[in-house]
1. I'd like the antiparallel share, as a percent to the nearest 5, of DSSP beta bridges with both residues in region 26-103.
2. Nothing charged except the Cβ atoms of Lys and Arg (+1) and of Asp and Glu (-1): what's the magnitude of the dipole of the chain about its Cα centre? Round to the nearest 20 debye.
3. Please work out, to two decimal places, the log10 of the ratio I(q)/I(0) at q = 0.11, 0.19, 0.22 Å⁻¹ from a Debye calculation in which every Cα of the chain carries one identical scatterer.
4. Based on alpha-carbon centroids, what's the gap between region 7-51 and region 62-77 in Å, whole number please?
5. Where Lys and Arg each count +1 and Asp and Glu each count -1, what net charge lies around residue 45 among other residues with Cβ under 12 Å from its Cβ?
6. Can you give me the % of accessible surface on the chain that is carbon or sulfur? Probe 1.4 Å, all protein chains present, nothing else counted.
7. In the chain, if the dipole is taken from +1 on Lys/Arg beta carbons and -1 on Asp/Glu beta carbons about the Cα centre, which of 22, 76, 36 is farthest to the positive end?
8. Defining a contact as two alpha carbons under 8 Å apart and six or more residues distant in sequence, what relative contact order in percent does the chain show?
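The values are calculated or read from the model by the stated rules, or taken from the named source; none is laboratory data. Computed from a predicted model, the values in this text were never measured in an experiment. Cβ sites come from the backbone with ideal geometry, for glycine too, and all protein chains shown count toward neighbours. Keep in mind that these areas ignore ligands, DNA and RNA; they rest on the heavy atoms of the full protein, side chains included. Shrake-Rupley method; radii C 1.70, N 1.55, O 1.52, S 1.80 Å.
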Amino acid sequence: SDINKINRFREPPLEGFFTDLLWSDPCEDKDAKRVQFKHNKARECSFYFGSDPVKKIIKENYLVSIVRAHQVKIEGYQMHHWGSKGAFPEVVTIFSAPNYCSH
């Protein structure tokens with residue numbers, strides 16, 4: 001219900017819930033277990049998030065994974081396997097703009 005209350009018909013602010021939903025990104029897989037949240041220097045706003053906050057959201061909401069977009073992935077996607085080996089990825093990033101900014 002909090003997401004439905006967001007006024008999306010405006011420029012995203014530099015901070016806050018709307019900004020974090022739009023611009024937060026998963027940590028690099030090698031850092032995910034030791035980082036909760038850290039400033040997202042690449043975007044100059046919002047945060048990188050690690051595996052513990054993701055696992056908490058997944059458990060509390062009876063989810064299998066979080067599927068997200070809005071981050072360039074040259075291969076078109078990235079699966080973040082932060083759980084046990086062979087488990088379904090906790091986070092999946094999809095990026096389907098193959099000619100985005102000449103990447």
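1. Bridges in region 26-103 are about 65 percent antiparallel.
2. Computed charge dipole of the chain: roughly 160 debye.
3. These q points yield log10 I(q)/I(0) values of -0.37, -1.10, -1.36.
4. So the separation of the two Cα centres works out to 14 Å.
5. Result for the neighbourhood of residue 45: -2.
6. Carbon plus sulfur share of accessible area: 56 percent.
7. The Cα lying farthest towards the positive end belongs to 36.
8. 20 percent
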